[in-house]
Structures are given as structure tokens and as C-alpha cells.
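Have a look at the structure below, then the notes.
The values are calculated or read from the model by the stated rules, or taken from the named source; none is laboratory data. Note that the coordinates shown come from a computational prediction; the quantities given were computed from them, not determined experimentally. Here Cβ is always computed from backbone atoms with ideal geometry, including for glycine, and neighbour counts include all displayed protein chains. Side chains included, ligands, DNA and RNA excluded: accessible areas come from the protein's heavy atoms. Shrake-Rupley method; radii C 1.70, N 1.55, O 1.52, S 1.80 Å.
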Amino acid sequence: MRKRSPTHPGAILREDVLPQLPGMSVSAFARLLGVSRQTLHAVLAERSGITAEMALRLGTLLGNGPRLWMDMQSRYDLWRAEQKLREELAHMQPLGQLVAA
């Protein structure tokens, strides 16, 4: 298990993608994506995740496909869930071990 959380895809957009688009405001980027400024801002602020629809919009607009964005969000969500359930999962045994016992 990783010690450090994977980067939220909103941080990638905020720190890496938008700065590479000179003069592009959040409002203008949201319009190009076909979403509200508030929706995009929630992703950039890491309060919302990348949905399948947002991944399709980002992947199409940026030309890197939706899978990249979905994979980043999935890794981020899975890591957070593992942290939350760490204790509970440590006490579970795979069914195969229970049946064989």
C-alpha cells in the first residue's frame, strides 16, 4: 500500500494543465468543457471527483482521452478508501481461506 495519497486529478488540472493554457480562465475552460464554473471549481479545489462525464469532456477537449482521467480518480478514491477501512480490512480473511479451514 502506498504511503502517500495519489494526486487528485483536480490538482493536475489546476497545477499542470491550466497554467499551460495562457490566458485561459476557469470560466472560459468551464465553457469549453460545457460545465458550470462552479462544477469545474469544485474539481479544481478537490472537493469533487472526476465523473465519467467529466472524464469524457476533459479527454476530448485536451486530446488525451477519458481513461487517463478516470484512472487518476480511481487510484485516488481507492487509496482514500483503503486508508478509511485499513483496520476493518486487516481483520478480514478471503473466503477461500475460510472455506478451506
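Side notes on the structure shown:
- Accessible area of segment 48-101 divided out per residue, in Å², using a probe of 1.4 angstrom: 75 Å²
- Rounded to the nearest 20 debye, dipole of the chain from Cβ charges on Lys, Arg, Asp, Glu: 160 debye
- The residues of segment 1-45 have, on average, 59 Å² of accessible surface per residue, using a 1.4 Å probe with all protein chains present.
- 222 nm mean residue ellipticity, helices alone, for the chain (DSSP H n ≥ 4; -39,500 (n - 2.57); rounded to 500): -18000 deg cm²/dmol
- Net lengthening on full extension, Leu18/Gln38 (0.36 nm per residue, minus Cα-Cα): 5.6 nm
- A DSSP coil position with no more than 12 other Cβ atoms inside 10 Å describes the following trypsin sites (Lys or Arg not before Pro) in segment 3-47: Lys3, Arg4, Arg47.
- A value for Rg/Rh (Cα atoms, Kirkwood Rh) was derived from the coordinates, and within the list (i) 1.15; (ii) 1.30; (iii) 1.09 it appears as (i).
- Percent carbon-and-sulfur accessible area, the chain, ignoring ligands, DNA and RNA, probe 1.4 Å: 56 percent
- The stretch between Thr7 and Gln97, if pulled fully straight at 0.36 nm per residue, gains 28.9 nm over its current Cα-Cα span.
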